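Notes follow once the structure below has been shown.
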C-alpha cells in the first residue's frame, strides 16, 4: 500500500515538472499553400498544425477557402472560391479547348514543381511541404515560392517621421517707455517757489526776534 502510494506521488511529481509537460506538448509544424486563380492572381497561406501529417485536402480546407469537392471515383477539387465548376460536372470547362481546371502541384526539395499524380485526399503533407493549386490547363507551373517566403511575417507599417515644428519667432522686445522730462520752466517755477518760502520763513524769524528785543 505504501509502495503504491509512493509510486503515485512520484508519477504526479514527474507529470507536474515543467520539463515533462513541455516534452509531452506537440511540436507545431508548418506547411505552405499557394493558390493561383484567374489572370495569375496568387494567394499564399501558411498553415500551422500539430499532427504528424496532413493530407493535401485537409491543408486546403484549413486555408479557409470555399471548396467544391467531388467525392467518389477519386476526389477532385471542382472549385476554389467562386472559380471552377459544380460537383455534378467537375470539369465543365474542359469540354472545349483550352481546358481549364484546378491542377495540383507539389514543391520538390530542389525548388521545382511536380504535377500531382494522386488526389489531394491521399497525398501526405509533412512539416515544411508546400502545395499549389493553379487554375488553367495544367501546363503552367506555380510561382517559385518556398515555405520561408510564404510564412514570413507581414511587414509592419513604418510610421512616418513626425514633422519637426518650426521654431516660433521670438517677438522683438518692445522699447520700454522713457520718462518724459518735465519742462524746464516747471522746474524753474518749483525752485523759485521753494526759495520764496525759505525767504519768508527767514524774514519772519528776524521780525520775531526784533519784536522780542523791544
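Of note:
- Cα convex hull of the range 26-150 - mean projected area over all directions, nm²: 7.7 nm²
- Computed from the Cβ-Cβ distance with R0 of 30 Å, the FRET efficiency linking residue 53 to residue 139 stands at 0.55.
- Inter-label distance, nm, simple model (7 Å from Cα along the C-beta direction), residue 61/residue 82: 2.5 nm
- Stretched out straight at 0.36 nm per residue, the stretch from residue 93 to residue 39 would grow longer than its current Cα-Cα span by 17.9 nm.
Values quoted throughout were computed directly from the atomic coordinates according to the rules given, and no laboratory measurement underlies them. Nothing here was measured: the structure is a model prediction, and the numbers come from that model. Every residue, glycine among them, receives a Cβ derived from its backbone with ideal geometry; neighbour counts consider all protein chains shown.
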